[in-house]
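Written out below as structure tokens is the structure these notes cover.
Read-outs: derived from the displayed coordinates by stated rules, not from any lab. Everything quoted here is computed from the prediction, not taken from an experiment. Ideal geometry is used to build each Cβ from the backbone, glycine not excepted, and the neighbour counts take in all protein chains shown.
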Amino acid sequence: MNLSYRLCVLEVLSPVTGRFPHQSIARDYRKSMSEIQTLIDAYSTGSVTLHAAMQTVDDHQLDLQPIEGKWSIREVVCHLADSEIVYADRIKRVLAEDNPTFFEADPEQFRRSLRVKDRNIEAELNVVELIREHMAPILRSMDRRDFQRMGHHSLDGPMTIMTLLQRITDHIPHHVRFINEKVAAIQFHQSEGD
């Protein structure tokens, strides 16, 4: 199936995001292998970014909610670990299967159902690190065509491995900003109490 045919088939707005899925797919086809390798490098070092953000977090701060209505630091880290598992499965299935369907993983439902308060923070950080360590050689062994393989997201529609990799690579930096925001709020509240 050539690219122009794929793009014609995908001229449907995602009912959830309101975007044309083909826009990101078309960008995926233009990525060079050096751009892909740069993305894999960023993916591979994501756990280092997360560990660095957690260096200043004390155990008693993990479950505080210094910003009303926002997750605790433990909830953010558990969400990141859960997402790593989900995305590793999606990437593997798209690589191994023909246009598999994968389903939405609702972060709120996971947070409520997966016993976040009982989960060990070091184990969660290790999950992130080990999954990325596990996935990196698989990703590095793939060729450009492999990154163009598609699966079907139950809400967002067609999605390439490149899109999945970009999303999970961006996920840690996105949430590290929230961790840093929580740490700053905790420090502010502590200084106010002095």
Completion exercise
So for R0 = 22 Å, FRET eff. of residue 42-residue 89 from the Cβ-Cβ r, to 0.05, ends up at 0.60
Handout entry: Efficiency of FRET between residue 59 and residue 184 - r from beta-carbon atoms, R0 22 angstrom, step 0.05
Key = 0.75
Problem - Least to most buried among 178, 188 (fewest other Cβ within 10 Å first) - result: 188, 178
Handout entry: Kirkwood hydrodynamic radius over Cα pairs of segment 67-194, then Stokes diffusion coefficient at 20 °C and 1.002 mPa s, in µm²/s
Key = 132
Handout entry: Fewest-first sequence of 175, 152, 189 by Cβ atoms within 10 Å of each Cβ
Key = 189, 152, 175
Practice task
Run down the lysines and flag those whose C-alpha is under 27 Å from the C-alpha of residue 117, throwing out any fewer than 8 positions away in its chain.
Solution key: 70, 182
